[in-house]
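Asker: Questions regarding the structure given below will be posed in turn.
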Amino acid sequence: MTAVPASLTLGSLRVETPVVLAPMAGITNAAYRRLCAEQGAGLYVSEMITSRGLVEGDETTQKMLVFDELETVRSVQLYGTDPVYIGKAVEILCADHGVAHVDLNFGCPVPKVTRKGGGGALPWKRGLLGEILTSAVAAAAPYDVPVTMKTRKGLDDDHLTYLDAGRIAQETGVAAIALHGRTVQQAYSGEADWDAIAALVAHVDIPVLGNGDIWEAADALRMVAQTGAAGVVVGRGCLGRPWLFRDLAAAFHGDDVATLPTLGEVRTMMRRHAELLSEHMGEERGCKEFRKHVSWYLKGFGAGGDLRHRLALVDSLATLDDLLAGLDADEPFPVRELGTPRGRQGSPRSRVALPEGWLDDTDGRGAHLREDTSETTGG
Ligand SMILES: Cc1cc2nc3c(=O)[nH]c(=O)nc-3n(C[C@H](O)[C@H](O)[C@H](O)COP(=O)(O)O)c2cc1C
């Protein structure tokens, strides 16, 4: 058993609570990051943007690169397969956008991405991975901005990459490595393998951040105790539950808090979320974005099907207020939901989509992988 860390150090950056909001495409925009940050200290990472999109001034990428006015630590996840683009993108993030932390995505399991050698497929090419990390770290160094990487165990159980990735990250000056304890082939199915996180902790000297299946604050403490991880990365567990960050911050500072909001309190949180989305994107788009969160907020509560359906079609804050008024404010939190999975789970992939001949060599230096400008599917 290891002592519970109280804070997290990533190079020059000190995070008050060793808790990181997992980058989630379509979710962790400026509004959601602010909503979560209002709950407790941590590091709140953006949605993934592509290095090529950034370098070429792609419009979708620019729109995603927005920060809340209260976001003092700007943290961005970058996707890329080309060391030159990555280096330039990191430079742009640091020089023009005041970014204080860059995370690199080497975990995305989406076939469209892995088929081109990106995301979770890339660490198979150890040489190329080293080139990308070296380029990112060199570009960030003049700004004293830490670069971290996020990855999975490997392509599948027969093609594990995480231990080599950890060593390469350490050798190239990466500040920390986050490991999602699943393979690309598993996608989001099954259970995250925390033993792999422990194995990585034993293998490297840089901080390891553990990721996968943290549903409650107690899970986070259990993960660090079991693995020796320097901190945790929390994704699906906070969908429709931003207050999880309050519980996590308390847990890492020795308090056992399990927030159990009534439906009235959840309603207030929903309103706040929609309002922040509207501030950042305009009311119409903000309300549309909010729709996907409705079922997560209401999971386990008794709200009727018709009301849920209408909430999932909401198009203005006024309509939202009308509909939210129909919820029973006194309904207690459905405690049977605690500790249960939420968000995507799905089933394992029959095979991992890879570029032709990808497995033939493990180096890949000098490979010219074509990078999409506007890949936004994430991880
Ligand atoms: C909707 C969604 C979008 C995601 N997008 C990204 C992404 O853009 N970049 C990334 O590294 N991981 C992404 N992930 C993976 C999460 O960051 C995290 O690694 C994964 O969900 C496992 O953690 P969890 O069990 O806490 O959810 C995404 C996950 C979900 C559910």
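Asker: Among the residues of the range 328-340, is any hydrophobic (A, V, I, L, M, F, W, C), more than 27 Å from ASP213 (Cα to Cα) and away from the ligand (no atom under 16 Å from the Cβ)?
Answerer: Taking the range 328-340 first, the residues hydrophobic (A, V, I, L, M, F, W, C) are 329, 333, 335, 338.
Imposing the further condition that a residue be more than 27 Å from ASP213 (Cα to Cα) reduces the set to 329.
The next check asks that each one be away from the ligand (no atom under 16 Å from the Cβ); those that pass are 329.
Looking through the range 328-340, at least one residue is hydrophobic (A, V, I, L, M, F, W, C), more than 27 Å from ASP213 (Cα to Cα) and away from the ligand (no atom under 16 Å from the Cβ).
Asker: For THR373, work out the one condition from (1) surrounded by 15 or more Cβ atoms within 10 Å (Cβ to Cβ); (2) more than 16 Å from the ligand (Cβ to nearest atom) it doesn't fulfil.
Answerer: Result: THR373 passes all but (2).
Asker: Out of curiosity, is ASP255 surrounded by fewer than 19 Cβ atoms within 10 Å (Cβ to Cβ) and not in a loop (DSSP other than H, G, I, E, B)?
Answerer: Details: surrounded by fewer than 19 Cβ atoms within 10 Å (Cβ to Cβ): yes; not in a loop (DSSP other than H, G, I, E, B): no.
For ASP255, the condition - surrounded by fewer than 19 Cβ atoms within 10 Å (Cβ to Cβ) and not in a loop (DSSP other than H, G, I, E, B) - is not met.
Asker: Suppose we filter LEU163, LEU179, LEU221 for residues that are hydrophobic (A, V, I, L, M, F, W, C) and either touching a Gly at 6+ places or on another chain (Cβ under 6 Å) or buried (at least 19 other Cβ atoms within 10 Å of the Cβ) (or both); which single one remains?
Answerer: Details: LEU163 fails: either touching a Gly at 6+ places or on another chain (Cβ under 6 Å) or buried (at least 19 other Cβ atoms within 10 Å of the Cβ) (or both); LEU221 fails: either touching a Gly at 6+ places or on another chain (Cβ under 6 Å) or buried (at least 19 other Cβ atoms within 10 Å of the Cβ) (or both).
Testing whether each residue is hydrophobic (A, V, I, L, M, F, W, C) and either touching a Gly at 6+ places or on another chain (Cβ under 6 Å) or buried (at least 19 other Cβ atoms within 10 Å of the Cβ) (or both) leaves just LEU179.
Asker: Only one of ASP96, ASP158, ASP103, ASP164 is part of a loop (DSSP other than H, G, I, E, B) and of a type in the set (Asp, Glu). Can you tell me which?
Answerer: Numbers: ASP96 fails: part of a loop (DSSP other than H, G, I, E, B); ASP103 fails: part of a loop (DSSP other than H, G, I, E, B); ASP164 fails: part of a loop (DSSP other than H, G, I, E, B).
Answer to the check: ASP158.
Asker: Further, regarding this structure: Pairs only if they're at least six apart or on different chains, beta carbon under 6 angstrom, first in the range 350-364 and surrounded by 10 or more Cβ atoms within 10 Å (Cβ to Cβ), second in a loop (DSSP other than H, G, I, E, B) and among the basic types (Lys, Arg); list them, first residue then second.
Answerer: Listed pairs, sorted by first residue: ALA353/ARG115; GLY364/LYS125.
Asker: Within the range 280-299, does at least one residue satisfy the condition of being in contact with a Ser or Thr (Cβ under 9 Å, 6 or more places away or on another chain), more than 18 Å from TRP243 (Cβ to Cβ) and not in a helix (DSSP H, G or I)?
Answerer: No, the range 280-299 contains no residue that is in contact with a Ser or Thr (Cβ under 9 Å, 6 or more places away or on another chain), more than 18 Å from TRP243 (Cβ to Cβ) and not in a helix (DSSP H, G or I).
Asker: I would also like to ask the following. Restricting to the range 30-82, what's the tally of residues that are away from the ligand (no atom under 16 Å from the Cβ), without any contact (Cβ under 8 Å) to a residue 40 or more places away in the chain and in a loop (DSSP other than H, G, I, E, B)?
Answerer: Final tally of qualifying residues: 6.
Asker: A follow-up question, please. Do we have any residue at all in the range 157-172 that's modelled with pLDDT of 95 or more, within 16 Å of the ligand (Cβ to nearest atom) and among the hydroxyl-bearing types (Ser, Thr, Tyr)?
Answerer: Scanning the range 157-172 turns up at least one residue that is modelled with pLDDT of 95 or more, within 16 Å of the ligand (Cβ to nearest atom) and among the hydroxyl-bearing types (Ser, Thr, Tyr).
The values are calculated or read from the model by the stated rules, or taken from the named source; none is laboratory data. On a predicted model such as this, the values are computed, not experimentally measured, just so you know. Here the Cβ is made from the backbone with ideal geometry for all residues, glycine too, and neighbour counts use every protein chain on show.
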